[in-house]
Amino acid sequence: MAVPAALTEDRIYHYCPPEKLDFETTETLEELELPFGQERMLRALEFGAGIKAPGFNLFVLGPSGAGKHELVRRFLDSHAAEQPIPSDWCHVFNFRQSDQPRVIELPPGDGRAFKSDMNDLAMELKTAIPAAFESEEYQARIQELQEEVARRQQQGLFAIQKEANANNIAMLTTPAGFTFAPMRNGEVIEPEEYKNFSDDEKTLIESKVEELQKKLQQAIQQLPRLRKEVQERVHALNEEMVQLTLGGPIGELREKWAKIPAVVAHLDAVREDVVEHAEAFQDNENGAPAGLLNRYRVNLLVDNAETRGAPVVYEDLPNHQHLTGQIEHRAHQGNLYTDFTLIRAGSLHRANGGYLILDARRVLSQPMAWDSLKRILFSGQIRIESLERLYGLATTVSQQPEPIPLDVKVVLLGDRTLYYLLAHYDPDFLDLFKVEADFEDDLDRDDDSYGLYARMIAAMARALKIRPLSRDSVARLIEHASRLASDQKKLSAHDRVLKDLLSESDHWAAQDGCDKIERAHIEQAIDEREYRASRVRERSLEQISRGVVMIATTGEQVGQVNGLSVLQLGATRFGQPTRITATARPGKGQVVDIEREAKLGGPIHSKAVMILSRFLANRYAPEGELSLSASLAFEQSYGGVEGDSASVAETCVLLSAITGVPLRQSLAVTGSMNQHGEVQAVGGVNEKIEGFYRVCAQTGALQGQGVLLPASNVEHLMLNREVRESVRSGAFSVYPVTRIDEAIELMTGMEAGEPDRGGQFPEGSFNRLVADRLVQFAESGKSRDDSTDKDNGGSNGDG
């Protein structure tokens, strides 16, 4: 079998030729009308934004930092501009049930006019009605009523007094009221003189006095009824005056708002309430009390006067109150009070008739916000209620506004894991969010995409208000985008990373006094970012250089190989080698995964070790029992081990332990393997190769070190400048392998050997050496078993 050739520089890095970019600086490039490479998501957004059926809200899923919010906002702003402007919504006082304010829908922009009209009406009532009560006409009519009352009172008393005088009886007024006394010649008779009257005269006088007293009592009893009648007439007069005063203003408003029945009905209710409370305007020294006038004002909940098209609202703190609205309170003399003017709109109100953008994780992290959002979407109504009242935690009397019909499209932004968890565990989720808009992580890289990607970069630079980029710097940024995507044929769509890199490059350009960003500034920004995050990586390299962590990069060793792993700390990823060792002796086909036994190995790694053991059994003992007891360990690894990317290295080191053939320590190995010995792609190949390169470089001059990786990973290589230079000079090599035998030949220098029709490997081949060694293990194990049986048999015989 031919050993695979080392990769050349053009295979480990995909350069972007500057001649593919037909501009000098990004300043001359036009912006993209639609986002580049996101056709699937745009089609989903177009569908979700346009469909009117219930439940077709959107969930935009993609990785954090990919620019989902900006892209969705830009699309919705463009789409909403062509939509009709939604209605204004107002709350007004409910004169029948004061704690349940009514809601009025108005054409967009009319809410302000209605509020202004009602404020003007309230101010006019405050002055016009008291003025009407102070008018000469009103005062004259009141005086006339008062005189009539006095006259009617006097008429009753005068008749009684006249009758008394006709019978020589005087009606006297005392502090205690009225009293009667006998009279002669117009003078009241003294008591002493009255004693001299005969009994008949006394009886006659007393009977007449008693009769007069009864008539007086009847006359006095008529006074309350008379006063009530007068009060009614005064009240009727007040109503008449108020009606005359209101006739003009309310009549004009009724005519102005005649096309909106709800407003006309409210104006009629206002007129009835003002008439009913006419005396309140008269009794208060400063006009009507403020609380009464507030009843006639308007709470403009949603004002779309300045909205163009349908609203697009982003709520950055989506808790229950911010979504559904809230009822505020004010303190007055140590007490809290509220009324309909203190009702505040939520983001669902402001977005009604348009689109509401929410971050899914933030909604879920706010208490009861997710349940409130689902309840509103299911009911189709926005009901403003506090959480404590909603869940029965408070029973105080408060405002209960009339709900507002909901017509909003909710767009949730979140990562894929969150979407799939909600779809699996929340039975309501897929009923409410039926449109999935999947954001592309990476974009295709080809000749046609270079110009589009450059225009996207130009748009980012304009948005960030930084210097334009030269053609070479855009080419370098495109190359780095492939590195971020870990694919020569892809470009990263991670908006945040690219924008941060552009901002940093602009900073270094400013330091150099340049008017545009050059390739060197992009390189400096990349290097500086890497250096800032390199502390842990450098400490790891230091431990290896001092021998604390044992890694060999020269010579040969039996049962020992350099595996490769990737460590991720926050946003930083770097690779480092790990020594993998193996032992082998006769046994019963068991490969012990020490990491698993120590509970440090994950399930995928354990699966890889099981695949390895089945590969050995299938290749070297297809018809018999594999006589082997082996162990595998990641040396000086004190954390968890997960993944199958070390299975090629583990296979090599285990076969080395079986045969006693040493492995080259100048080579490191990464790659997954299946049961047929085929090498499969793994992740993080750039970081792994660069990690081993750094370890080799710090020990001195490079002497033919290199890395074995799956051939299917070659198109994922975008290695850094130092590695490329070493590959170009031949000091460092990268070998692509497709089968385990290729890895064996590179690691041992021996021919692997292909089996013949009988399953026998050629003499002198590595695989023949493995097969022969396993036969020896089997014979050794059989001899030991026979010896044990004889010992057991002799013991039984003696017994």
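The values are calculated or read from the model by the stated rules, or taken from the named source; none is laboratory data. Just so you know, these numbers come straight off a predicted model, no measurement behind them. Every residue, glycine as well, gets a Cβ built from its backbone with ideal geometry; the counts of neighbours run over all protein chains shown. Surface areas here come from the heavy atoms of the whole protein model, side chains and all, with no ligands, DNA or RNA. Shrake-Rupley method; radii C 1.70, N 1.55, O 1.52, S 1.80 Å.
Here are a few things to note about the model shown:
- Candidates 607, 588, filtered to the one that is outside any helix (DSSP H, G or I) and open to solvent by 90 Å² or more (accessible area, probe 1.4 Å): 588
- The combined condition, being of a type in the set (Asp, Glu), open to solvent by less than 40 Å² (accessible area, probe 1.4 Å) and either touching a residue at least 60 places away in the same chain (Cβ under 8 Å) or part of a loop (DSSP other than H, G, I, E, B) (or both), is fulfilled by residue 117.
- For segment 81-98, a residue qualifies if it is closer than 16 Å to residue 309 by Cα and of a type in the set (Val, Ile, Thr), and exactly one does: 85.
- Here residue 638 passes the criteria (1) open to solvent by 40 Å² or more (accessible area, probe 1.4 Å); (2) hydroxyl-bearing (Ser, Thr, Tyr); (3) not in a loop (DSSP other than H, G, I, E, B) except the one numbered (3).
- Annotation: of all residues in segment 152-183 being of a type in the set (D, E, K, R) and at pLDDT 70 or above, the one that is surrounded by the most Cβ atoms within 10 Å (Cβ to Cβ) is 163.
- Some residue of segment 9-18 being outside the structural domain of residue 733 (by TED's automatic domain parsing), open to solvent by less than 50 Å² (accessible area, probe 1.4 Å), out of contact with any strand residue (DSSP E or B) (no Cβ under 8 Å at 6 or more places or on another chain) and without any contact (Cβ under 8 Å) to a residue 40 or more places away in the chain: no
- Members of segment 654-670 that are out of contact with any Lys or Arg (no Cβ under 7 Å at 6 or more places or on another chain) and over 14 Å from residue 706 (Cα atoms): 654, 655, 656, 657, 660, 661, 662
- Test result for residue 372, among the hydroxyl-bearing types (Ser, Thr, Tyr), farther than 29 Å from residue 16 by Cβ, out of contact with any Lys or Arg (no Cβ under 7 Å at 6 or more places or on another chain) and surrounded by fewer than 15 Cβ atoms within 10 Å (Cβ to Cβ): no
- Boolean, residue 140 is under 30 Å from residue 210 (Cβ atoms) and either loosely packed, with under 14 Cβ neighbours inside 10 Å or not acidic (Asp, Glu) (or both): no
- Every condition in (1) under 25 Å from residue 662 (Cβ atoms); (2) open to solvent by less than 50 Å² (accessible area, probe 1.4 Å); (3) of a type in the set (Val, Ile, Thr) holds for residue 522 except the one numbered (1).
- Of the strands (runs of 3 or more DSSP E) lying entirely inside segment 273-336, those carrying at least 3 residues that are modelled with pLDDT of 85 or more and within 30 Å of residue 351 (Cα to Cα) are 299-302, 312-315.
- So residue 573, is it open to solvent by 20 Å² or more (accessible area, probe 1.4 Å) and over 48 Å from the mean Cα position of the chain (by Cα): no
- Screening segment 310-346 for residues that are in contact with an Asp or Glu (Cβ under 8 Å, 6 or more places away or on another chain) and among the hydroxyl-bearing types (Ser, Thr, Tyr) and picking the one that is most open to solvent (accessible area, probe 1.4 Å) gives 338.
- Number of residues in segment 641-653 that are in contact with a Gly (Cβ under 7 Å, 6 or more places away or on another chain), open to solvent by 10 Å² or more (accessible area, probe 1.4 Å) and not small (Gly, Ala, Ser) equals 2.
- Selected residue (only one of 269, 236, 265 is open to solvent by less than 60 Å² (accessible area, probe 1.4 Å), in contact (Cβ under 8 Å) with a residue 24 or more places away in the chain and of a type in the set (Gly, Ala, Ser)): 269
- Residues located in segment 476-502, provided they are crowded, with 22+ Cβ neighbours inside 10 Å and over 33 Å from the mean Cα position of the chain (by Cα): 476
- Test: residue in segment 435-447 that is assigned by TED's automatic domain parsing to the domain that holds residue 79, open to solvent by less than 50 Å² (accessible area, probe 1.4 Å) and more than 30 Å from residue 33 (Cα to Cα): no
- Residues that are more than 10 Å from residue 132 (Cβ to Cβ) and open to solvent by 100 Å² or more (accessible area, probe 1.4 Å), drawn from segment 243-257: 252, 255, 256
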